[in-house]
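Enquirer: So that we are looking at the same thing, I have put the structure below in structure tokens.
We did not get these values from a lab; they are worked out from the coordinates using the rules stated. Note that the structure is predicted; figures quoted are calculated from it, not measured. Neighbour counts are summed over all protein chains in view; Cβ atoms, including those assigned to glycine, are modelled from backbone coordinates with ideal geometry.
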Amino acid sequence: RQSRNMRRESKIMAMQTQNNKFEELLAKRDETIKEYEEKVKELAFQNAELLEMMENKEKDMANIELNLKSLRLCNADLKEDNSNLIEALKSTQDNFHKEFSNMKVCEKRMREQQDALSQMQSTISLKTANTARLLERIQDYEKMVTKMNFERNLAKR
């Protein structure tokens with residue numbers, strides 16, 4: 001009996017030792033589970049933050065797309081305005097060239113008229129000088145005729 005009791009005790013001891021090992025393993029497992037639960041909570045929190053960041057980024061992207069669309073429309077308007085300005089500039093340049101050409105023609109005519117006026121002044125000066133000489137000759141002739149008449153009248157008396 002004693003040997004049976006000893007065997008039983010030794011089995012009980014072995015079972016208690018094994019039971020203690022299981023309890024240690026269970027405690028370690030519980031500790032590991034708690035660590036994993038903490039990590040899962042941390043990851044869930046990080047995931048929520050990432051989801052919020054993604055939502056914000058999506059909103060930002062939507063706003064950026066709207067801004068881009070608006071900028072494209074604005075760019076199209078500016079291109080059209082630019083095209084209109086280029087057309088207006090070309091038209092203005094054409095008009096400027098025409099006006100410049102007209103100015104050159106007018107300038108040439110004015111020079112020609114100035115030359116004609118100068119020639120006329122020159123001619124008038126010559127005619128005035130000729131007229132003055134002719135007037136002198138006429139006056140000399142009148143003096144001579146008056147003198148001759150006076151002498152003729154004296155001779156008749």
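Enquirer: Among 85, 117, 25, determine the one that fluctuates most according to a GNM of the chain built with springs between C-alpha atoms less than 10 Å apart.
Expert: 25
Enquirer: Give, in nm to one decimal, the length gained when the segment between residue 116 and residue 78 is fully stretched (0.36 nm per residue of separation minus the Cα-Cα distance).
Expert: In short, 8.2 nm is gained.
Enquirer: Sticking with this structure for a sec: What residue among 72, 109, 29 has the largest mean-square fluctuation in a Gaussian network model of the chain, using Cα springs under 10 Å?
Expert: 29
Enquirer: Here's another thing I want to ask about it. Roughly how many nanometres apart are two label points built 7 Å out from the Cα toward the Cβ at residue 15 and residue 133?
Expert: Inter-label distance under the simple model: 16.9 nm.
Enquirer: Take the Cα coordinates of the chain, assign each an equal point scatterer, and use the Debye formula without solvent to give log10 I(q)/I(0) at q = 0.09, 0.13, 0.17 Å⁻¹.
Expert: The Debye formula, applied to the Cα set alone, gives -0.84, -1.01, -1.13.
Enquirer: To test your reading of the geometry: what angle, between 0 and 90 degrees and rounded to tens, separates the Cα axis of helix 2-156 from the longest principal axis of the chain?
Expert: For 2-156 against the chain, the angle is about 0 degrees.
Enquirer: What are the aspartates and glutamates whose alpha-carbon lies under 16 Å from the alpha-carbon of residue 28, with same-chain residues fewer than 8 places away excluded?
Expert: Filter leaves 37, 38.
Enquirer: Using Cα positions and a limit of under 13 Å, work out the aspartates and glutamates in reach of residue 34, with same-chain residues fewer than 8 apart set aside.
Expert: The reachable aspartates and glutamates, counting only those whose Cα sits under 13 Å from residue 34, are 42.
Enquirer: Ok, one more. Suppose every K and R has +1 on its Cβ and every D and E has -1 on its Cβ; what is the size of the dipole of the chain about the Cα centre, in Debye to the nearest 20?
Expert: The dipole magnitude comes to about 1040 debye.
Enquirer: Work from the charge dipole of the chain (Cβ charges, +1 for Lys and Arg, -1 for Asp and Glu, about the Cα centre) and give the residue of 128, 13, 110 farthest towards its positive end.
Expert: 128
Enquirer: Which residue, chosen from 93, 54, 141, occupies the Cα position most advanced towards the positive end of the dipole of the chain, where the dipole is computed from +1 (Lys, Arg) and -1 (Asp, Glu) charges on Cβ about the Cα centre?
Expert: 141
Enquirer: Determine the calculated [θ] at 222 nm for the chain from helices alone, applying -39500 (n - 2.57) to every DSSP H run no shorter than 4 residues and normalising by the residue count; nearest 500 deg cm²/dmol.
Expert: Value at 222 nm, helices only: -38500 deg cm²/dmol.
Enquirer: Under a cut-off of 18 Å between alpha-carbon atoms, report the lysines in cross-link reach of residue 79, not counting same-chain residues fewer than 8 places apart.
Expert: Cross-link targets: 69, 90.
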